[in-house]
Amino acid sequence: MLQERLFSHGIKVGRDYLYDLLAAHRLLIRKRKRRIVTTNSRHWMKKYSNLIKNLPLERPEQVWVSDITYIRVGSKWGYLSLITDAYSKKIMGYGFRMDLSTQGCLDALKMALRNRKYNQSLIHHSDRGSQYCSQLYTDMLVTNKIAISMTENGDPYENAIAERVNGIIKDEFGLNSTNSSFEKINQVLSSSIQSYNHLRPHASCNYLTPDQAHLTKEKMKKRWKNYRSKNYLNQQCIVDPGLTNSTV
């Protein structure tokens, strides 16, 4: 996004130098230290197998990934449920509530279904939290002919894309340190997700925005570096290697 403006001034700056420059002026996003547990997988409800292990991502709406994260609301915590298209990185739906009930996940799923553009086979992937295993949630997936996939061993790389998008929304859009009201945060969330989908390019999407990547018909060239071993990835699951080089 900066290249054209920099080139007009005769300035050539690579990514690593830019990061060093930002770090020297304390302009990089700070790492989060606090972590709130949002997943309870110790429950009696049915858990599903991981259907996306070693599955290549070839098109939008092939796999949706879901996760829940937390945002401070005054002296309490609110919980944000996100559904992201694994191929385009577009946030398809979200729900924000002051509790960890299934309703927040259902709100995100209903929005994602309204935003769906293609009538092709689709897999919904999540952790084994009680919200995603609940009958209300799984019934909605089955009704819409969406296959159900879940993580199996607790490794965060089994749901890496969803985890990374959580971090982008909270850290890069200033929601990690907010102390605003529920209503204000809802407004900021809406505008942040709009900016994320329509303005923020992704290296893993050939530097297209998620919305552009979601509409493209051509196979996208990946521009990230793989920092994890190839053997590890082959043994595990779908991982967008570009997500490993993050500040989250």
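Count Lys and Arg as plus one, Asp and Glu as minus one, and take only other residues whose Cβ is under 15 Å from that of Lys145; the net charge is then -1. Put a dot 7 Å past the Cα of Asn186, heading toward its Cβ, do the same for Glu58, and the two dots end up 4.2 nm apart.
Every number here is computed from the coordinates shown, using simple stated rules; none is lab data. In this text the structure is predicted, and so the values were computed from the model without any measurement. Backbone-built Cβ (ideal geometry, glycine too); neighbour counts: all protein chains shown.
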